[in-house]
Structure formats: C-alpha cells, structure tokens
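Input: a single structure, listed below in structure tokens.
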C-alpha cells in the first residue's frame, strides 16, 4: 500500500505543479492580433523550472524507493502505480482501475458541461482561458486520488 | 457456491507461520491472511502451490460449499 500512496502523492504534486505553471504562462503570455503583424509572446516562469526540478528529484526518489523497498514491497518503477507484489494486489489494482474509469466518465462528462456553460458564468477572457486548465488539473488530480482511495479500500477488504 | 479453505488449520499443523508460508508461495503475508479468513479466493496456481508446500492434496485444503 505504501508504494501506491508514494506514487500517487508524487503524481498529484507534479500534476498540480504542471497545472500551476501552465496557468501562470497562460496568464502572462500576450497575443496581439490588432495589427497586421500577428504577435504571440509566451513567457515561461519559474514554476516551470520548479516543475522540471521536482520531476528530476521525484525520478531519483522513485529509483531509490524501487531499489530500497522494491523487492520487499513489489514496487516497480516502470509499472509505477500498477506495481503488484502478488496476484491479490493485481486484483486490487484491477478493481481500483475499474472504479477510477467509472468515476472518470462521470467527472469528464461534468467537466464538459462546465466548459459548455463557463462562458455564461464569466465575461473575463482570462478566466475563459484559465477554466480549461483548472478543469483538466482537477480531473487529473481526482483521477489519481480516486485510484488511491479505491486501492486502499480494496486492500482492506480483499 | 463458495470455496472453503482449511489453509490455517493445515498451516498450523505443518508448524508454519503466515510469513513463512507466504515466503514459500511467493506472495505477501497479507494474501495468506486474507485467504485464511475467506476474503480472497486464490487462483488455481496459488492453490496448487499451497497444497504442494503443505504436502497435501488440493481437495483436502480447498473444497466447494454448496
């Protein structure tokens, strides 16, 4: 169970950082179509650097975790959150994936509805640019969290 | 129909701990514990492995309750 908690927490941190970095870039980038020259300026901020740094740190951590606890815990860096120690954990992983899939179909459908009506809720162009990023980030994190909760639930009940 | 197992009884008879049986069957201790309490139905491969470790016929350890 520890390996799944470790993997999903790391994934959630990275997903949030990526979403924040993308949102900040969208907020600070400028698009000028008023003149005859089409001008786009994309600014990459420090959050991107932090995201790259964290990705490297977490890759090292994953490698170390795999080497230290891998054999005992059944953690495999390639399989990541689908790592299984034995057939029971394989079954847990299958159940958790099924639950996550079911939840995600509903969450994505709700996200589409939110996107559809988002232009009715706000007049701000900036908000309209941010809403899809926020929605994707929320869906991403929810997916990781549902898998984690489902895994823990089935680990206690199977 | 459900599968009933007597793993706990025969494991104790063989003087094996859950940890040791898990080690010999290449599974986690939690799997053996879950199996003994009837929460988990093992695959045919694991059932055969356990019966081989305990040196018993598979029908002695696992049976179908109707």
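Summary table
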| item | result |
| --- | --- |
| Inter-site label distance for residue B:58 and residue A:40 at 7 Å from Cα along Cβ, in nm | 6.1 nm |
| Most mobile of A:38, A:65, A:147 in a GNM of chain A (Cα contacts under 10 Å) | A:38 |
| Value at 222 nm in deg cm²/dmol, rounded to 500, when DSSP H runs of n ≥ 4 in the protein assembly as shown each add -39,500 (n - 2.57) | -23500 deg cm²/dmol |
| Anisotropy class of segment A:1-112 from Cα gyration tensor, a/c 1.5 cut | oblate |
| Among A:146, A:99, A:125: highest mean-square fluctuation, GNM of chain A, C-alpha pairs under 10 Å | A:125 |
| Candidates A:73, A:86, A:32: whichever shows maximal mean-square fluctuation once chain A is modelled as a Gaussian network with Cα springs under 10 Å | A:32 |
| Per principal axis, descending, Cα span of the protein assembly as shown in whole Å | 86, 40, 22 |
| Inter-centroid distance (Cα atoms) of segment A:129-144 relative to segment B:39-64, Å | 47 Å |
| Between helix A:125-157 and chain A: long-axis angle, C-alpha atoms, 0 to 90°, nearest 10 | 10 degrees |
| For B:7, A:26, order by how many other beta-carbon atoms lie within 10 Å, fewest first | A:26, B:7 |
| Per principal axis, descending, Cα span of chain B in whole Å | 32, 21, 20 |
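Each value in this text was obtained by applying a stated rule to the coordinates, not by laboratory testing. Every value quoted in this text rests on a predicted model; they were computed, and no experiment measured them. With ideal geometry, Cβ positions are generated from the backbone for all residues, glycine too; neighbour counts draw on all protein chains shown.
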